[in-house]
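Since the structure comes first, as structure tokens, the remarks are kept for the end.
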Number of protein chains: 2
Amino acid sequence: MLELALYPEKFQSKEFLCNALKLLKQDVGSHSPSINLIQQELGCHVKLDGCFLSNPYATDLFLSYFENEILKENLLGNLFSYYPSQNRTLAKLVSKNLQIEPEKIFIGNGAIEIIQAIIHRFCGESILVTLPTFSPYYEYAEKKMKVVFFMLKKENNFEFDIPEYVKLVFDSQVDSIVLVTPNNPTGNYLTKTQVEYILQACKHLKCIVLDESFIHFAYEDEELNLVSNQSLLDKYPNLVIVKSLSKDFGLAGIRAGYALMHPQRVDDLLADGYLWNSNQFVEYFLTLLSCDKFMREYENVRKQFIHEVIAFHRQLQTIHRVKVYPTMSNFALIELLHNSAEQVVLELLMEYGIYLRNCNDKLGLDGAFIRVAARKQLENQLMINALRKTVTDNI
Amino acid sequence: MLELALYPEKFQSKEFLCNALKLLKQDVGSHSPSINLIQQELGCHVKLDGCFLSNPYATDLFLSYFENEILKENLLGNLFSYYPSQNRTLAKLVSKNLQIEPEKIFIGNGAIEIIQAIIHRFCGESILVTLPTFSPYYEYAEKKMKVVFFMLKKENNFEFDIPEYVKLVFDSQVDSIVLVTPNNPTGNYLTKTQVEYILQACKHLKCIVLDESFIHFAYEDEELNLVSNQSLLDKYPNLVIVKSLSKDFGLAGIRAGYALMHPQRVDDLLADGYLWNSNQFVEYFLTLLSCDKFMREYENVRKQFIHEVIAFHRQLQTIHRVKVYPTMSNFALIELLHNSAEQVVLELLMEYGIYLRNCNDKLGLDGAFIRVAARKQLENQLMINALRKTVTDNI
């Protein structure tokens, strides 16, 4: 999909683009504008979306199945016209993949719907959220809710200080906590041992939200085997595991995600809503999750991508004038030591058609930060070269 | 898409199918099982889905655009992999189509998500729901909510008795009401004059939910011009208009819908949720809504379909041993005067591969009722012939 023509189609002045980007950003709150929107409003062609957190090889794998099983079989019309199955029917498809009872699975219209549902229904009156992190965890807290923040410290490489965290849980007397591992945008990771230590200390809480949306990019052994904390569900009934399927499978456009939780909580959610909250494209994708052949092929592209991510992060570290923070995900948080984030993002967009994520809207980040997502090898190389040149030329 | 081989692929005993259908039905509550599920679990091929409430010509129209603009342009990968735009961005696309300010538009993941949001957030402590109607309007009421029912009377052809209704609004002192026009499954319709009369009488209520999901099949003049009550929004700030896009455009698989309401209510909904509750396939479809050429072609297939629906309903009325109730939608409610609904639905499925909706789970219906949706002309003729034969042979 990558094109090598490196200039925006309509070349426009830096001031125009800078202002247009700011206006766009105002409209979309604490998230990045979509690529569609950037291209439309700025009149430029994004050649390389380095803001986009996904495994591009998994997208290709999915598309090859879709081509063979849907397009060639003339089934596309059915996907558009028929109603999708209900939540509990789709849960059975995920159940086979995870080897976990369907009664514990809630299907969401992307992880974002699940986060909204959980924060509003299960988290009580106060919640402890780590900063910086994915903003809906505090933005979706209703006005009546108290949000307490635990700060990850830059001087500590944004690593998680567990004793300090547990102390704050008790001192603040919150009802609920949110752990995101690997965390976005820092990339810091909690091992299974660390997670269980926190769960054990927080058994008294109403709800522990553990977001594993990026866990397919993490590993705890040299074979890069899949990690997950789902085995802890039975022991900790206050645990809710949130999982986006947009990142690992590279399918953000269809909105797929699930959560694992105590069956009573699934019953509560389905008692007055969430009946047909998925769509036929997600339903087709979930059937692939229970297909052994697809999952074997997915495992291959998952590991291939992690290897490339590791190489990419090593190369990023060779760039002068930036600090690359340690990460266990498919992206890296980068601090610009001599440039402004706004300027670097704009230069990369104008000169190379590369879009990176300016993190100036992320609560809890003090300094000039950008987040760079790994894409395919050639694209990673383009990002390295362009970033190296941009931070050097624009001091 | 219709095949003329009329027997299920695996012929199985009537008892088996009858029990399998009952079990399926138990699993899905007060809705029909999906066609996928019926085919999988019953091992039969549904040739003709007469339960499915949509305009099949609109599906074809959409598919021709999708083929030309997405498939041929190699853009399918982008739809799967890119994030969709946020709610407010998509509202602008609907805004152009409706000629209404985007601030009054809330995009839903199908009308069902909107119904859930409105019932939980805007309807206060009690709600008046007409019976029979679309069941989520009372099923989604939370435990703490009081639901009052207004019965449409069979002996009155399920027509709406407005003075009696308004009296019940005052006597019951409800906070909110729900009007569905045309109503599902009865097909009865409230004219714009009638709607405004009720709105005027109910100005004191917290919320008036007006569901116009089937309004593209209704008409008030001989040219079959589109009707809608959206012009009443400014005058009645308690009004919320709900609109599914699954029926009129024949796209139930992607989950598209919107609601029109006071801008403050849109702000309230978006303040703590519903950020990316749509998907890329819906986003593409919404761009078509603001395309004049597409909308002109849609108007043609909408009117064509209404003409065929009228002819279909006239033919249904020639069948003996059933009563066809008056309808202003693309389906008709039929009372079987000498047969059981279960038996007729099963016979049609086994003998003809035709699936019709048994209405025995619909609150407020006393008798043997099925709901028959109009499809394309040839399919309508098959349904007429099969239904005529089935109600005659199985007395």
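The simple Förster model, with R0 at 25 Å and r as the Cβ-Cβ distance, assigns A:Met295 and A:Asp267 a FRET efficiency of 0.30. Considering only A:Phe149, A:Phe285, A:Phe80, the mean-square fluctuation computed in a Gaussian network model of chain A, springs between alpha carbons under 10 angstrom, is largest for A:Phe80. Heavy-atom accessible area, probed at 1.4 angstrom with all protein chains present, ranks A:Glu113, B:Glu67, A:Glu196, A:Glu155 as A:Glu155, B:Glu67, A:Glu196, A:Glu113, highest first. The charge dipole of the protein assembly as shown, taken about its Cα centre with unit charges on the Cβ atoms of Lys, Arg (+1), Asp and Glu (-1) only, comes to about 280 debye.
To the nearest 10, the accessible area of A:Val147 is 40 Å² with a 1.4 Å probe. Ranking A:Thr181, A:Leu76, A:Val240 by Cα position along the charge dipole of chain A, where only Lys, Arg, Asp and Glu carry charges on their C-beta atoms, puts A:Thr181 farthest toward the positive end. The charge dipole of segment A:330-390, taken about the Cα centre with unit charges on the Cβ atoms of Lys, Arg (+1) and Asp, Glu (-1), comes to about 280 debye, rounded to the nearest 20. Using the Cβ-Cβ distance between A:Arg321 and A:Asp221 with R0 set to 25 Å, the FRET efficiency works out to roughly 0.10. Listed by chain and number, the lysines whose C-alpha is less than 19 Å from the C-alpha of B:Lys47, apart from same-chain residues fewer than 8 away, are B:Lys10, B:Lys14, B:Lys376, B:Lys389. Counting Cβ atoms of other protein chains within 10 Å of each residue's Cβ and taking the mean over peptide B:161-172 gives 0. Rounded to the nearest 0.05, what FRET efficiency do B:Glu164 and B:Glu142 give with R0 = 35 Å and r taken as the Cβ-Cβ distance? Could you check? It comes to 0.80. Inter-chain Cβ neighbour count for B:244-253, averaged per residue, equals 4 (cutoff 10 Å, partner chain atoms only). Chain B holds its axis-closest Cβ, relative to the rotation onto A, at the residue and whole-Å distance B:Asn109, 3. Taking packing as the residue-averaged number of other Cβ atoms within 10 angstrom, the listed peptides A:294-301, A:254-261 run from highest to lowest as A:254-261, A:294-301. Think of segment A:1-153 as a dipole: +1 on every Lys or Arg Cβ, -1 on every Asp or Glu Cβ, centred on the Cα centre; then among A:Ser34, A:Ser85, A:Pro132, A:Pro132 lies furthest on the positive end. Pairs spanning more than 25 Å between alpha-carbon atoms, out of B:Lys146/B:Lys203; B:Lys192/B:Lys303; B:Lys144/B:Lys247; A:Lys293/B:Lys22: B:Lys144/B:Lys247; A:Lys293/B:Lys22. Computed over protein heavy atoms with a 1.4 angstrom probe, the accessible surface ordering of B:Arg265, B:Arg88, A:Arg357, largest first, is B:Arg88, B:Arg265, A:Arg357.
Taking A:Ser13, A:Ser30 and ordering them by how much accessible surface each has at a 1.4 Å probe, largest first, produces A:Ser13, A:Ser30. For the protein assembly as shown, the spherically averaged projection of the C-alpha convex hull amounts to 33.2 nm². Springs join every pair of Cα atoms under 10 Å in this Gaussian network model of chain A, and among A:Leu71, A:Leu333, A:Leu245 the largest mean-square fluctuation is at A:Leu71.
Quote the accessible area belonging to B:Leu23 in square angstrom, nearest 10, computed with a 1.4 Å probe and with ligands, DNA and RNA left uncounted. Probe radius 1.4 Å; accessible area of B:Leu23 about 110 Å². Within segment A:36-51, name every residue whose backbone N is under 13 Å away from a label modeled 7 Å from Cα of A:Phe16 along the Cβ vector. In segment A:36-51, the label zone of A:Phe16 (backbone N under 13 Å from the point 7 Å along Cα→Cβ) covers A:41-45.
Helices of chain A meeting both criteria, an alpha-carbon length of 20 angstrom or more along the long axis and an average Kyte-Doolittle score not below 0.0, with helices taken as full DSSP H segments, are A:14-28.
Just how large is the dipole of chain A about the Cα centre, in debye to the nearest 20, putting +1 at every Lys and Arg Cβ and -1 at every Asp and Glu Cβ? Each step should come with its number before you reach the end.
Values: 39 positive and 47 negative charges, 56 e Å.
Around 260 debye, computed over chain A.
The values are calculated or read from the model by the stated rules, or taken from the named source; none is laboratory data. Note that the coordinates shown come from a computational prediction; the quantities given were computed from them, not determined experimentally. Every residue, glycine as well, gets a Cβ built from its backbone with ideal geometry; the counts of neighbours run over all protein chains shown. Keep in mind that these areas ignore ligands, DNA and RNA; they rest on the heavy atoms of the full protein, side chains included. Shrake-Rupley method; radii C 1.70, N 1.55, O 1.52, S 1.80 Å.
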